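The values are calculated or read from the model by the stated rules, or taken from the named source; none is laboratory data. Since this is a predicted model, take the numbers as computed values, not measurements. Positions of Cβ are backbone-derived with ideal geometry, glycine not excepted, and every protein chain shown enters the neighbour counts. Surface accessibility is based on the protein's heavy atoms, side chains included, excluding ligands, DNA and RNA. Shrake-Rupley method; radii C 1.70, N 1.55, O 1.52, S 1.80 Å.
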Amino acid sequence: MNLEHRSAARFKPQAAEALQDDNLKRALAKAKDGFVLKRLQAVSNLNEFESIRTEARRIKDHVLKHLDYYLEEFERKVIATGGHVHWAETAEQACNVVQDIIGGEGKQVLKGKSMVSEEMGLNAALEQRGHTVVETDLGEYIIQLAHEPPSHIIAPAVHKTRDQISDLFHQEHPKYGLHKRLTEVPDLVSEARQVLRDKFINSDVGITGANFLIAETGSTVIVTNEGNGDLSQILPNVHIVTASIEKVVPTLNDASTLLRLLARSATGQEMSSYTTFSTGAKRTDDQDGPEEFHVILLDNGRSKVLGSDFQDILRCIKCGACLNHCPVYGAIGGHAYGWVYPGPMGSVLTPLIIGLENALDLPQACSLNGRCGQVCPMSIPLPDLLRRHRFKAFQQGLIDSRTKYGLTAWALMVKRPRLYHALTSVLTRVLALMGKSKGSLRAVPFASGWTSARDLPVPQGQTFQQLWAKRK
Amino acid sequence: MTAANDEAKSTVALLVTCLVDLFRPNIGFATVKLMQQAGFTVDVPTAQTCCGQPAYNSGDQASAQAVAKQVIETFAHYDYVVAPSGSCIGMVKVHYPELFAGDAEWRGKADDLAGKCYELTTFLSSVCKLEVTASFSRSVTYHDSCSGLRELGIKSQPRALLEQVKGLTLKEMEDSEVCCGFGGTFCVKYPGISERMVSDKVGNVKKTHAEVILGGDLGCLLNIAGRNKREGASAEVFHVAEVLAGMADIPGIGEKST
Ligand code: SF4
């Protein structure tokens with residue numbers, strides 16, 4: 001797949017390409033089993049999971065109703081603890097803010113995993129100014145080496161097999177003195193650690209995302225399993241947090257309620273290995289920490305989602321469970337979706353941010369099987385939201401003409417039962433004759449969508465209504 | 001209405017579903033037979049066509065509402081409405097009321113209908129408490145269709161009924177709750193993705209070595225049977241109603257008659 005020119009508008013060709021990729025197939029199959037089983041275990045081990053879920057939903061719904069209040073409260077607290085808050089309406093504004101904070105050229109910037117920075121296109125913007133960006137999350141580090149975007153919101157390199165990663169290190173790491181091919185996971189991890197360690201110590205700026213922003217304390221929270229987030233934000237002089245506006249929660253207690261759902265839903269852990277709270281800049285008696293602490297609050301279209309039919313999606317805590325349980329994601333992986341957020345949450349969110357007309361396939365490419373909504377810890381009715389996008393697309397005349405005419409013809413028939421029964425008796429007769437003695441058909445005119453993937457079972461002969469009328 | 005005596009007098013309307021009507025009337029007759037066994041009078045309104053899902057899931061709310069009104073009117077005066085499909089009953093029970101959220105009159109009518117319509121296996125196990133008399137001496141595996149499973153909670157009902165079938169052994173497959181890739185118009189709009197999903201399903205079936213695949217929704221069964229044929233797999237496909245009614249003595253879905 002040409003990842004540089006991928007787009008949500010090219011979903012179909014991208015998906016077709018992904019389906020041909022055997023490495024992707026292997027990588028996804030492996031990941032799926034792990035995620036699904038571990039989550040199930042973690043969730044079943046916590047009796048009160050459902051009640052926490054209800055509480056979590058209440059917390060987020062409350063915040064979304066009073067978002068302006070909590071964001072301003074958060075801002076006050078950040079300022080009171082010696083930090084700075086920057087409001088950015090667009091991705092571009094957010095990038096400019098980061099550039100201004102960093103200043104100059106040719107700095108070394110450490111990054112912890114942040115999907116919001118992907119949304120901003122931050123790495124490219126920084127590199128354009130001659131800065132060097134070092135991704136410190138192992139997955140992010142791998143895809144940075146490969147010049148690829150993340151394909152999953154919590155496991156950015158999940159699309160790669162171990163062999164591919166091993167090749168990548170073999171190819172890219174001779175400059176760090178690696179000359180043999182590493183094949184075992186622990187060896188690969190320690191190789192990356194080794195290389196990153198030096199960079200941690202020599203960087204000017206650390207940029208992280210935030211899983212939550214806490215209004216009562218002005219803290220930002222990140223969870224990681226490698227501890228890279230801590231180092232990225234403690235060692236450099238300047239710590240910048242990029243976060244979207246819906247990440248705020250009122251209290252520390254609220255954050256801990258959501259944290260109980262997050263890791264269980266994401267990786268099946270009770271807690272991620274590291275949960276890091278950052279509050280303000282280094283105080284005089286602190287032993288370490290950044291001299292400057294900045295939080296960039298990115299809107300990027302979210303305030304328009306508030307109060308709309310799609311508000312529920314803003315409860316999302318980016319756990320990735322809906323991706324892990326989505327059979328479409330499991331078939332094509334994340335890159336095919338064409339923009340930052342893949343899978344069910346992405347198919348809801350992407351059209352809201354980049355425009356439905358630019359992402360028409362995303363809400364359609366779903367069998368509405370409902371598994372995402374079932375596992376979502378924040379009880380986001382993902383299938384309903386996808387269907388809502390379909391209503392909008394239909395209303396705005398954004399559906400293809402084949403579907404439109406098909407629906408018109410179908411509606412004409414089903415609203416006229418006598419005509420319908422007359423036509424269906426003919427149709428079943430024809431199909432039954434075509435398939436006489438075969439049982440199922442390999443090819444049927446006008447039905448290549450069906451027969452490209454499977455045979456068409458032949459009707460028994462007459463419709464139920466015909467037979468029922470005779471029987472009586 | 002809940003006492004057994006009253007039920008014996010009630011009339012059940014069969015919502016036959018467009019796919020059963022077109023492709024596999026045997027499922028319709030099996031459903032009728034089961035309800036009659038349970039002591040109900042069965043009626044089949046001729047004014048029925050389709051529940052409207054193709055329009056609803058394609059975003060055409062106006063057509064979906066028009067079709068829904070037609071279904072509501074056709075079935076309003078029955079005591080019970082039963083369909084051999086979790087997907088169509090999910091549409092009526094869950095989505096009709098949503099479709100009329102802004103229309104008090106029709107919302108009321110939709111709620112009334114929702115209250116008395118049942119997917120077949122749920123009806124048989126919770127309303128009829130049917131004792132199954134059929135026998136079927138083959139090993140089967142059961143695919144949980146998504147709408148039935150997640151919108152109506154259908155999981156144990158068909159299994160409890162199948163347990164009573166003499167000679168039948170159930171071999172559960174891995175990921176029985178994962179979508180088979182049908183998804184209505186999804187399967188023809190995104191055939192490549194759907195193909196991966198259905199071949200995964202067929203792969204899981206093969207691993208059980210079950211002779212027969214059962215399910216409660218003909219859409220999924222046509223998809224699975226069609227893929228089975230394409231791959232030359234041997235398992236036969238039947239609707240659960242056909243087995244419960246002792247009417248699985250004809251060739252499976254997509255099989256040629258011998
Ligand atoms: S939509 Fe739900 S399941 Fe998906 S990432 Fe967000 S919180 Fe997790």
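Annotations for the structure displayed:
One line per residue, one yes/no per condition, for (1) within 9 Å of chain A (Cβ to nearest Cβ); (2) open to solvent by 10 Å² or more (accessible area, probe 1.4 Å):
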residue: B:G192; (1), (2): yes, yes
residue: B:R196; (1), (2): yes, yes
residue: B:V212; (1), (2): no, no
residue: B:N228; (1), (2): yes, no
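- Within the range A:336-348, the residues that satisfy the criterion of being open to solvent by less than 20 Å² (accessible area, probe 1.4 Å) and more than 9 Å from the chain's Cα centre (by Cα) are A:A336, A:Y337, A:G338, A:V348.
- Taken over the range A:438-450, the criterion of being more than 8 Å from every other protein chain (Cβ to nearest Cβ) and either touching a strand residue (DSSP E or B) at 6+ places or on another chain (Cβ under 6 Å) or buried (at least 17 other Cβ atoms within 10 Å of the Cβ) (or both) is satisfied by A:L441, A:V444.
- Cβ pairs under 6 Å, 6+ apart, first in the range A:220-245 and farther than 24 Å from A:D299 by Cβ, second assigned to a helix (DSSP H, G or I) and of a type in the set (F, W, Y): A:L231/A:F200; A:L235/A:F200
- Here B:E177 meets each of (1) open to solvent by less than 20 Å² (accessible area, probe 1.4 Å); (2) in contact (Cβ under 8 Å) with a residue 24 or more places away in the chain with one exception, condition (1).
- Yes/no for A:H173 being outside any helix (DSSP H, G or I) and of a type outside the set (G, A, S): no
- Taken together, A:L427, A:L431 contain a single residue that is loosely packed, with under 14 Cβ neighbours inside 10 Å and touching a Pro at 6+ places or on another chain (Cβ under 9 Å), which is A:L427.
- Scan of the range B:83-103 for residues that are farther than 16 Å from B:L19 by Cβ and either open to solvent by less than 20 Å² (accessible area, probe 1.4 Å) or assigned to a helix (DSSP H, G or I) (or both), ordered by number: B:K93, B:V94, B:H95, B:Y96, B:P97, B:E98, B:L99, B:F100
- Matching residues in the range A:367-384 - criterion: being within 15 Å of the ligand (Cβ to nearest atom) and assigned to a loop (DSSP other than H, G, I, E, B): A:N369, A:G370, A:C376, A:P377, A:M378, A:S379, A:I380, A:P381
- Any hit, the range A:174-188, residues being touching a residue at least 40 places away in the same chain (Cβ under 8 Å), open to solvent by less than 50 Å² (accessible area, probe 1.4 Å) and more than 16 Å from the ligand (Cβ to nearest atom): no
- Of the criteria (1) within 10 Å of the ligand (Cβ to nearest atom); (2) within 14 Å of another protein chain (Cβ to nearest Cβ), which one A:C316 fails: (2)
- Residue within the range A:256-276 that is open to solvent by less than 10 Å² (accessible area, probe 1.4 Å) and more than 14 Å from the ligand (Cβ to nearest atom) present: no
- Subset of the range A:385-408 that is open to solvent by 10 Å² or more (accessible area, probe 1.4 Å) and touching a Leu at 6+ places or on another chain (Cβ under 9 Å) - its residue that is nearest to the ligand (Cβ to nearest atom): A:R387
- Taking the range A:39-155 and the strands (runs of 3 or more DSSP E) fully enclosed by it, the elements with 3 or more residues that are at negative phi and open to solvent by less than 20 Å² (accessible area, probe 1.4 Å) are at A:108-111, A:132-135.
Residues checked against (1) more than 10 Å from chain B (Cβ to nearest Cβ); (2) outside any loop (DSSP other than H, G, I, E, B); (3) under 30 Å from A:S303 (Cα atoms):
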site	(1), (2), (3)
A:L362	yes, yes, yes
A:R388	no, yes, yes
A:F394	no, yes, yes
A:I399	no, no, yes
A:R418	no, yes, no
A:V426	yes, yes, no
A:K436	no, no, no
A:G461	no, no, no
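- Residue count for the range A:352-366 satisfying the condition of being touching a residue at least 60 places away in the same chain (Cβ under 8 Å) and either away from the ligand (no atom under 16 Å from the Cβ) or not β-branched (V, I, T) (or both): 7.
- Selection status of A:A411, modelled with pLDDT under 95, facing chain B (nearest Cβ under 8 Å) and open to solvent by less than 10 Å² (accessible area, probe 1.4 Å): yes
- Residue within the range A:300-311 that is of a type in the set (G, A, S) and within 25 Å of A:E140 (Cα to Cα) present: no
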